[in-house]
Amino acid sequence: MAELSQTEIIYILVVASTGMLLLVGGIFSFVIIYQKRMLKEHQKQKELDEIYSVKMIEAQLDSQEKERKRIAADLHDSMGSLLWGAKLNASYLERSHQYEAEQQKSFMELMNALDQSLQLVKRIAWELTPQAFHQAGLSISVAQLCAGLTGPSLTVSFNENEKVIWDDERALSVYRIIQELISNCIKHALASTLHVTFQWDSQIVEISVKDDGIGLNLNKERTGVGWWNIQQRVKQLNATISIGNPPIEKGTEILIVVPLTL
């Protein structure tokens, strides 16, 4: 077998080297394309997971609203009717007989208790699903909520920089957030005053819920159902929420910034 000339050897080496470079380049290109495809698939799956998560949250919150409406209807129609019937029967008995002073006093206490129970059922039903929300809007509903919760041990006030009527489903989610925050204050804060303030702007509404209670541990993770509801509604609204201490260095101030449009 004849020996290869130097030119032929160089030619073979060049061809082999070129082939190796093309092979390495091909493998490198394949790896890059594969990684890009995998990254794209991962991103697509992540987006699908986020959409699914949002849909699940929406379904859960929607289910809560439906359950609130059902319970409110049951309270109003069933419990309310029973209490009205009891009050009418008690009124009939009072008119039908002459009672001694002690018996009359007992009747008055009974009528008082029935009146308070009717008012309580009415208030709870309204808080569960404000019937006039879509006519009155967010501000009036929150003002009524605050007025209804003011009592001997807690003063709840509401103020806003201007009158704005916001009455869609997003506004109802804001109402639910405020309702939950007020409820948490009543249960845990041991506050004597609570202020809800709306600062309306052209694009956002800034909501402050501030109390003079014992305050919150800002480093503690909040895992209760109420806070979960608040966080999910904030996320759904594309809003932000921050928790801090008010300037008086007593109590808690929660600030929520909600865009008026998505």
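The values are calculated or read from the model by the stated rules, or taken from the named source; none is laboratory data. Every value quoted in this text rests on a predicted model; they were computed, and no experiment measured them. Glycine gets a Cβ as well: all are built from the backbone with ideal geometry, and neighbour counts include every protein chain shown. Heavy atoms of the whole protein, side chains included, go into the accessibility calculation; ligands, DNA and RNA do not. Shrake-Rupley method; radii C 1.70, N 1.55, O 1.52, S 1.80 Å.
Can you spot a residue in segment 185-200 that is open to solvent by 20 Å² or more (accessible area, probe 1.4 Å), within 22 Å of L262 (Cβ to Cβ) and either of a type in the set (D, E) or touching a residue at least 24 places away in the same chain (Cβ under 8 Å) (or both)? Yes, there is a match, as at least one residue in segment 185-200 is open to solvent by 20 Å² or more (accessible area, probe 1.4 Å), within 22 Å of L262 (Cβ to Cβ) and either of a type in the set (D, E) or touching a residue at least 24 places away in the same chain (Cβ under 8 Å) (or both).
Of the residues making up segment 151-165, those that are under 22 Å from R123 (Cα atoms), modelled with pLDDT of 90 or more and surrounded by 17 or more Cβ atoms within 10 Å (Cβ to Cβ) are V156, F158.
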